[in-house]
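For reference, the structure is listed below as structure tokens.
The values are calculated or read from the model by the stated rules, or taken from the named source; none is laboratory data. All values reported here derive from a predicted model rather than from experimental measurement. Cβ sites come from the backbone with ideal geometry, for glycine too, and all protein chains shown count toward neighbours.
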Amino acid sequence: MDMQGSRPLPVTQQQAWDALNDPAILKACVPGCDKFEPLGGDAYAVGAGIKVGPVSAKFTGKVQLSDIVAPQSYKLTFEAQGGVAGFGKGESGVELKPTGNTCELSYTVKSTVGGKIAQLGQRLIDGAAKTMADDFFRRFEEELLRRHPEAAAARAAAAPATAVARAPSGPLPVEAWAALAFGITFIIGILVFFTAAWG
């Protein structure tokens, strides 16, 4: 499975970088995650309870960061086991690009899955991956805005003016497009790890 995507984030590149490297934030934002612990040497032990269609399992695994260029990018390799439900392994890249007072997160993933999960239909897998991505980014954005109230205030101040200015030009107001953009895809690399291994 190959995936790629990008997401605007409402905070600076450094603030997003700090959040993507905070195990507590990632554990809280990754759906089903109950373990995200540093092992040392830029490695993390992870665990999550995941359900994809009729297959439910507890997965455990390891994420290893490499090629770290703070606060811009890193690569991840990952592997996970879920007993008879299956396994996942692969690699991904995460990049943060500044866009003024905000940034854009881009990711790529190459992964393989096996076991019962690999036998599920592609539509079911794609649907589960999208749901997990939506959940992660909603939680991640909420956490970023909670930790950085200045970003929340700037967004709130800009949204009504932009929405009023753009409302006559299309069927959806600007804030709806923004919500849709955030509603579509660790880590993002970390999210990608769970999505690729179990979605």
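Looking for something surrounded by 15 or more Cβ atoms within 10 Å (Cβ to Cβ) and under 15 Å from the mean Cα position of the chain (by Cα) - is there at least one such residue anywhere in segment 51-61? Looking through segment 51-61, none of the residues is surrounded by 15 or more Cβ atoms within 10 Å (Cβ to Cβ) and under 15 Å from the mean Cα position of the chain (by Cα). Within segment 144-158, the set of residues being at pLDDT 90 or above and either surrounded by 14 or more Cβ atoms within 10 Å (Cβ to Cβ) or outside any helix (DSSP H, G or I) (or both) comprises Leu144, Leu145, Arg147, His148. I'd like to know if segment 66-85 contains one or more residues that are assigned to a strand (DSSP E or B), aliphatic (A, V, I, L, M) and surrounded by fewer than 21 Cβ atoms within 10 Å (Cβ to Cβ). Yes, segment 66-85 contains at least one residue that is assigned to a strand (DSSP E or B), aliphatic (A, V, I, L, M) and surrounded by fewer than 21 Cβ atoms within 10 Å (Cβ to Cβ). Of all residue pairs spaced 6 or more apart or on separate chains, those with beta-carbon atoms under 9 Å, a first member in segment 1-18 that is over 11 Å from Gln72 (Cα atoms) and a second member that is in a strand (DSSP E or B) and among the basic types (Lys, Arg) are Met1/Lys110; Asp2/Lys110; Met3/Lys110; Ser6/Lys97. Scanning segment 56-82 for residues that are within 22 Å of Gln14 (Cα to Cα) and not small (Gly, Ala, Ser) yields Val63, Gln64, Leu65, Asp67, Ile68, Val69, Pro71, Gln72, Tyr74, Lys75, Leu76. Checking each residue in segment 22-60 for being at pLDDT 90 or above and of a type in the set (S, T, N, Q) picks out only Thr60.
For segment 102-143, a residue qualifies if it is modelled with pLDDT under 85, within 30 Å of Gln15 (Cβ to Cβ), of a type in the set (Ser, Thr, Tyr) and not in a helix (DSSP H, G or I), and exactly one does: Ser111.
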